[in-house]
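Encoded as structure tokens, the structure appears first; notes follow it.
The values are calculated or read from the model by the stated rules, or taken from the named source; none is laboratory data. Keep in mind that what you see is a predicted model, and the values were worked out from it rather than measured. Remember, those area values only see protein heavy atoms, side chains included, never the ligands or the DNA or RNA. Shrake-Rupley method; radii C 1.70, N 1.55, O 1.52, S 1.80 Å.
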Amino acid sequence: MSKYSIFTIARNALSHHKNWPRQWRSPEPQKEYDVIIVGGGGHGLATAYYLAKEHGLTNVAVLEKGWLGGGNTARNTTIVRSNYLWDESAAIYEKSLQLWEGLSQDINYNVMLSQRGVLNLAHSLSDVREGVRRVNANRLNGVDAEWLDAEGVKEFCPIINISNKARHPVLGATLQRRGGVARHDSVAWGFARAADACGVDIIQNCEVTGIRREGSKVVGVETTKGFIGAKKVGLVAAGHSSTLAAMADVRLPIDSHPLQALVSEPIKPVIDCVVMSGAVHVYVSQSDKGELVMGAGIDAFNSYGQRGSFQVIEHQLGACLELFPIFSRVRMMRSWGGIVDTCPDASPIIGKTPVEGLYINAGWGTGGFKATPGSGWCFAHTLANENPHPLNAPFSLERFTTGALIDEHGAAGVAH
């Protein structure tokens with residue numbers, strides 16, 4: 001893998017940046033692989049990269065029905081944090097945040113991580129109690145967390161409205177200073193480039209249409225490019241996970257919903273942190289280009305639509321103006337939708353399925369982007385060793401029969 005440096009950039013500037021090499025190959029699929037990853041988003045590409053880097057498995061293919069990073073990786077609000085409530089969640093998200101902090105150096109690709117701080121607002125007494133409880137739980141788990149009163153919130157984010165005459169007045173907030181945002185397409189491209197350099201085949205425009213089994217064991221996948229054999233198959237397809245698993249007669253406890261977001265026209269820098277509110281259902285940050293990036297709650301109905309809708313946009317902007325009246329004259333530039341896969345306890349599934357050789361990494365809901373490196377790292381360990389890592393062992397499919405659920409509805413944000 002070629003190394004990027006300031007000298008590389010300067011050399012290519014002399015040719016008007018027309019001579020950069022391709023970042024990854026576009027090979028035709030082989031007849032068989034040791035591992036096939038279905039889904040070329042951030043989680044799938046991260047899994048392939050860590051399979052090669054950490055476990056020496058390079059006879060690996062990533063199959064993507066569209067283009068790399070064209071699914072949920074490109075359809076989220078890029079928030080990164082690890083301040084989840086329960087021990088199991090805090091551990092896996094904190095592992096992910098630690099990987100984020102060294103990711104640009106690890107894959108030699110700038111993912112533009114900006115640790116600007118994440119505020120989770122409290123608007124009621126129950127919000128305050130839940131927030132303080134979460135801060136204490138985070139600290140016990142070694143996760144950085146602070147509680148701010150309303151004045152502290154105003155000091156950290158001066159443009160926020162903390163008037164007690166607001167419909168949902170701000171009473172305080174949790175703050176994780178190590179939280180922030182990253183550049184979504186850089187994450188996909190960086191992992192793809194690093195995995196390709198390790199020998200992983202990344203095959204785009206290759207849709208999986210079936211999963212072939214011999215008895216209780218998976219032996220490969222049917223695709224639009226023909227049958228491809230595999231000793232192990234990992235499903236990492238976010239909102240389409242249930243559809244794929246059904247091809248192997250596996251039923252998942254997952255619902256798929258649209259999750260919408262929008263950006264404004266670019267404006268001068270006005271907000272240098274991430275603000276989230278579960279009560280008024282909005283989260284806001286500002287991109288490096290100056291756009292205000294806003295997310296909302298999930299649509300109530302099940303769907304695979306990837307588009308915005310007027311009623312959600314109206315509610316989303318009303319909530320935003322409740323917190324930031326100075327945005328009242330900013331114009332919306334575009335909106336979009338992703339498909340989130342949600343489990344009943346708002347926690348993911350990472351592990352084996354009842355079919356031998358078939359593994360699943362799904363159900364991340366709104367936690368997917370922030371978990372990208374940690375999810376790939378844990379799933380790669382599970383695929384390589386045929387057993388889960390202690391970090392993802394609690395997130396097995398069996399928890400829905402044993403009852404050992406991990407209820408993260410409170411800390412998952414606004415979309416569950």
| note | Computed over the Cα atoms of the chain, the Rg and Dmax in Å are 21.3, 66
| said: Counting just the Cα atoms, what span does region 248-289 cover along each of its three principal axes? Round to the nearest Å and put the largest first. | reply: 52, 25, 15
| query | What ratio of Cα Rg to 2.2 N^0.38 Å holds for region 1-148? | reply | 1.37
| task | Return the sequence-ordered ³J(HN,Hα) values of region 348-358 in whole Hz as given by the Karplus equation 6.51 cos²θ - 1.76 cosθ + 1.60 applied to θ = phi - 60°, using x for Gly and Pro. | result | x, 10, 9, x, 7, 10, x, 8, 4, x, 10
| task | Could you pull out the pairs from LYS225/LYS370; LYS31/LYS65; LYS3/LYS352 whose alpha carbons sit more than 27 Å apart here? | result | LYS225/LYS370; LYS3/LYS352
| task | Summarise the accessible area of the chain (1.4 Å probe, protein heavy atoms) by the percent that is carbon and sulfur. | result | 53
| task | Determine ³J(HN,Hα), in whole Hz, for all residues of region 318-330 in sequence, where each value follows from phi through the Karplus function 6.51 cos²θ - 1.76 cosθ + 1.60 and θ = phi - 60°; x replaces Gly and Pro. | result | x, 5, 5, 5, 4, 8, 10, x, 5, 8, 4, 9, 7
| remark: The alpha-carbon pair-distance distribution computed for region 1-55, with 5 angstrom bins and whole-percent values, is 4, 13, 16, 20, 14, 13, 12, 7, 2
| remark: Scaled by the rule-of-thumb 2.2 N^0.38 Å, the alpha carbon Rg for region 326-403 gives a ratio of 1.45
| Accessible area per residue, Å², the chain with all protein chains present, probe 1.4 Å | 43
